[in-house]
Structures are given as structure tokens and as C-alpha cells.
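Inspection log for the structure reproduced underneath, given as C-alpha cells.
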Amino acid sequence: MGVKRACFLNCGTVSAPHSGIEIFGDSHQTMILPVAPALLDTDDGYVLYDTGLHPDGIEDPDRIWGDMKSAVVDFGPENTITNQLKLAGVDPSEIKYVINSHLHFDHTGGNHLFPHATFMVQKTELRFALHPSDYFSACYLDTHMKEPEKYILLDGSTTVLGDILLLFTPGHTPGHQSMVFSLPKSGTFVLPADSAHSYANMEGNSPSGFGTYSMEEAMSVRQMNAIAEYLHGKVWVQHDPDFWKDCKPAPYWYE
């Protein structure tokens, strides 16, 4: 069992202060970040790593995104998770598993569109998302917190669906998880999700300013870099402002 191919979905953009992306950045400078879930074609079926922004926010941003609506920069019908899947040649009904890196609004907006999929999330993350501390509560939205029918709660790093490694990488949130998998031709992919918002975070030049626990986040980054080096893999920082300069979006598939 394994991953046969993978692609990245262009699900719009959000904004954040530079000092949030990189702690030593300019707090007055706004950065535009891509929202880029990953789609994996595996021997066990199609797997989504995060689901992007909530499509109903296009018509009703106040109800869906609330105070976070100002963070959404560019998100149209073409950027919804369902339309991006169709662009990749996959019907939404074919999604068998959804793995959430964490439960912030720009990673869970399409969760409700896959009622028959099996969801995987860290137990620690779900607990914190349902009862977040005030300071970190803004990105956890009630409109995104409907629990799926099938929920597998993970407890730390584990391998799922044959050989997809889910790394427990706390820091950005208490229960964040990153993903590692290998493709037949393209080699090993390391997807930090929000445990790194830029390649500068991964290089250790400037840690993220968004973490709940900066020391844990630094340790998570070291762990992913070590795995990437050991497996001769490539790190794909999906929120990096220049991500699409280095990555081909759907309908392109990496094999």
C-alpha cells in the first residue's frame, strides 16, 4: 500500500502580518499566503490533507468567517475545495479520508462537504479547538466545528493508510500534525502545514510569530528538517508567499 501520486489545490489566499509569519518581521507589512490543501491518490482511495476555506463565505462572510473575514483576500468559486477537486479530475464523492493538520478556519472550511469520509485529527487538537484559550480562539470558528460521522482521534505521531506518516508537530497549535509520504518518481514529500508559514521558518532564520508554544514549534521544525534530510525529501511549505513559484497546482499531479 502507498501513495501513487499527489497534487496541490489552489484554494485562494489569506493575509497575515509579516511579524506573524516571521517573528522578526515588520508588523506593519501584510503578507499574502496561499491556501493549498494536498490531494493524495493512494491504494486505499483519495485522501485530502485539509479542506481550505468555507465556500459559503463567498456569499455570507459575516456569518461564516465572522471577525476572520478580513483575513480572506482572494477566494472565489474556482477556489472552493470541490471545484479544485474537479479540476484535478476527482469527484468530491470519491474522497475517502480527510486528514486535518489542525482545525483553524482556513484548513477546515470544506470539512462539511465530505459527510461520508473518515476524518483524522489529533485528539489534543480537537480538545483545544472545542475549548480554546481566549487569546488563540479567533481562528477556531463554530461554523467549522461540526463533528463528522467518522472521526479517528490520533494520539501522537503515527503511520496511516500504509505508509503516510503523520508527525505530531505541536507549536502552532497544541495538536498540530504534519505529513510525510513518498511518491514513486518524485521522492519524499514533507508537508509542514502551519508548523511553518515560510521557508525562513524551516531554515531557522526566523521562527513563526503565530505559535502557541514557540519552543515546541522550534522542535517540530527540527524534526521535519531531520526527516527530510534523512529521506532526501523535499519540504513543501504550503503557506509560503512564493509557494506557487515552486509548485505546480492542480490539474498537475506529482508522481
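Test Val47 against the criterion of being of a type in the set (A, V, I, L, M, F, W, C) and surrounded by 24 or more Cβ atoms within 10 Å (Cβ to Cβ), and give yes or no. Criteria met by Val47. Is the range 32-40 home to any residue that is closer than 20 Å to Asp67 by Cβ and either surrounded by fewer than 22 Cβ atoms within 10 Å (Cβ to Cβ) or in contact with a Cys (Cβ under 9 Å, 6 or more places away or on another chain) (or both)? So far as the range 32-40 goes, yes, one or more of its residues are closer than 20 Å to Asp67 by Cβ and either surrounded by fewer than 22 Cβ atoms within 10 Å (Cβ to Cβ) or in contact with a Cys (Cβ under 9 Å, 6 or more places away or on another chain) (or both).
Against the test of being of a type in the set (Ser, Thr, Tyr), buried (at least 19 other Cβ atoms within 10 Å of the Cβ) and touching a residue at least 40 places away in the same chain (Cβ under 8 Å), the options Thr80, Thr143 yield a single qualifying residue, Thr80. Could you please give the count of residues in the range 99-125 that are farther than 18 Å from Trp65 by Cα, crowded, with 20+ Cβ neighbours inside 10 Å and not β-branched (Val, Ile, Thr)? Here the count works out to 8.
Filtered by the rule that a residue be in contact with a His (Cβ under 9 Å, 6 or more places away or on another chain), under 13 Å from Met120 (Cβ atoms) and polar (S, T, N, Q), the range 144-179 gives a lone residue, Gln177. One residue stands out among those in the range 220-255 that are of a type in the set (A, V, I, L, M) and out of contact with any helix residue (DSSP H, G or I) (no Cβ under 8 Å at 6 or more places or on another chain): the one that is surrounded by the fewest Cβ atoms within 10 Å (Cβ to Cβ), which is Ala226. Look at the range 1-28: where a residue is under 19 Å from His104 (Cα atoms) and among the aliphatic types (A, V, I, L, M) and a partner is part of a loop (DSSP other than H, G, I, E, B) and at pLDDT below 80, sitting 6+ places away or on another chain with Cβ atoms under 9 Å, you get Ala16/Gly209; Ala16/Phe210; Ile21/Ser206; Ile21/Ser208; Ile21/Gly209; Ile21/Phe210.
Residue by residue through the range 37-79, note down the ones that are closer than 22 Å to Pro192 by Cα and among the polar types (S, T, N, Q). First the steps, then the outcome.
Residues of the range 37-79 that are closer than 22 Å to Pro192 by Cα, as a first pass: 37-42, 46-54, 71-72, 79.
Those that are closer than 22 Å to Pro192 by Cα and among the polar types (S, T, N, Q): Thr42, Thr51, Asn79.
Restricting the range 16-53 to residues that are modelled with pLDDT under 95 and polar (S, T, N, Q), the residue that is farthest from Gln122 (Cα to Cα) is Gln29. For the range 67-74, state whether one or more residues are of a type outside the set (Val, Ile, Thr), buried (at least 18 other Cβ atoms within 10 Å of the Cβ) and touching a residue at least 60 places away in the same chain (Cβ under 8 Å). Yes - at least one qualifying residue is present in the range 67-74.
Hey, among the residues in the range 146-178 that are in contact with a helix residue (DSSP H, G or I) (Cβ under 7 Å, 6 or more places away or on another chain) and under 28 Å from Tyr252 (Cβ atoms), which one's surrounded by the fewest Cβ atoms within 10 Å (Cβ to Cβ)? My answer is Leu167.
Per the listing Pro61, Pro92, the residue uniquely surrounded by fewer than 20 Cβ atoms within 10 Å (Cβ to Cβ) and closer than 30 Å to Thr159 by Cα is Pro92.
Search the range 17-57 for residues being farther than 30 Å from Pro251 by Cβ and of a type in the set (Gly, Ala, Ser), and hand back the single one that is nearest to the chain's Cα centre (by Cα). Within the range 17-57, the match that is nearest to the chain's Cα centre (by Cα) is Gly20.
The values are calculated or read from the model by the stated rules, or taken from the named source; none is laboratory data. These numbers come from a predicted model, not from an experiment. Neighbour counts run over all protein chains shown; Cβ positions are idealised from the backbone, glycine included.
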